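Colleague: First the structure, then my questions, so here it is.
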Amino acid sequence: MIKTAIILAIIGHILCGICDCLLSYSKTGRRLNFKVLKDPQKMYEEFRDMPLSFPLISMVLGTFSITMFGFGYFALSYWMKDFSILASNIMFIAALFFLVPIVVHHVICGVVEWMYISLDRKDEVRTAVFDLQKKTISTMLAGYAGLLIYLITLFILVITGKTYLPIWGCIFNTAVFMLLLAPTKLPAKGNIAGVLMWIGLLFVV
């Protein structure tokens, strides 16, 4: 069961990475420059060739992809019961706090882009979507806080030898890969890091 769940997690993160790119790249393959969003005119020009279908697909596919990789996070939490019931429970609760809010956050990110594009990129729409994103930022913060607790718990379990996994297996952790990927210009770094973590765990679990 654990192997199947890990494979689902790999596929889910790949699909979610694609969804992130749909929100970050135009149909011509140009990467959006989010540094110009404070300037109404520059933002208007930045989204000139962004199709409505991209944020819409991202919202729908993203919801299913997060559900898919959720199986991996919950399965790994359950698998840890053999080594530490406390850590297993912490990981399970942390997974809930990660997955549920992050679905909401992902949908909101798609909604704000869809609204902005569909309503002709008007400045008042820009103000409204920024206000929506600002007032719902707690969903992102809660989600990533849950993920961080999950990853720290996993790291501690492995590096302290509480599991039968090799201690060097602690590198198979999204947080570790995120630190390595941070200096790069790769898109969807979080999902790339997630894919690398689950591929590594597929071979050592």
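Colleague: Return the label of the correct value of volume of the Cα convex hull per residue in Å³, as calculated from the structure shown, out of (1) 150; (2) 123; (3) 107.
Modeller: (3)
Colleague: Next up: What are the ³J(HN,Hα) values, in whole Hz, obtained from phi via the Karplus relation 6.51 cos²θ - 1.76 cosθ + 1.60 with θ = phi - 60°, for each residue of the stretch 42-58 in sequence order, with x given for Gly and Pro?
Modeller: Per-residue couplings from phi come out as 5, 5, 4, 6, 4, 9, 5, 10, 9, x, 4, 5, 4, x, 5, 4, 4 Hz.
Colleague: Setting aside same-chain residues fewer than 8 positions from LYS162, which lysines have a Cα under 16 Å from its Cα?
Modeller: Hits, sequence-local ones excluded: LYS81.
Colleague: Moving to a separate point now. From the phi of every residue in the stretch 28-37, what ³J(HN,Hα) in whole Hz does the Karplus formula 6.51 cos²θ - 1.76 cosθ + 1.60 yield, where θ is phi - 60° and glycine or proline is x?
Modeller: After applying 6.51 cos²θ - 1.76 cosθ + 1.60, I find 8, x, 7, 7, 5, 9, 6, 6, 9, 5 Hz.
Colleague: When ranked by the protection proxy of mean other Cβ atoms within 10 Å per residue, highest first, what sequence do the peptides 156-164, 189-197 form?
Modeller: On the way: 156-164: 15.3, 189-197: 21.8.
The peptides rank, most packed first, as 189-197, 156-164.
Colleague: On to the next question. Which order do the peptides 44-55, 73-84 come out in when sorted by mean C-beta neighbours inside 10 angstrom, highest first?
Modeller: Numbers: 44-55: 15.6, 73-84: 18.2.
Top of the packing list down: 73-84, 44-55.
Colleague: Could you order peptides 13-19, 32-38 by the average number of other Cβ atoms within 10 Å of their residues, highest first? Intermediate values should be presented prior to the final figure.
Modeller: Values: 13-19: 21.9, 32-38: 12.1.
So the order, starting with the most tightly packed, is 13-19, 32-38.
Colleague: Another one. How many angstrom separate the Cα center of the stretch 182-205 from the Cα center of the stretch 20-68?
Modeller: One Cα centre to the other: 22 Å.
Just so you know, all these numbers are worked out from the coordinates, no wet-lab data involved. All of these numbers come straight from a predicted model, not from anything done at the bench. Here the Cβ is made from the backbone with ideal geometry for all residues, glycine too, and neighbour counts use every protein chain on show.
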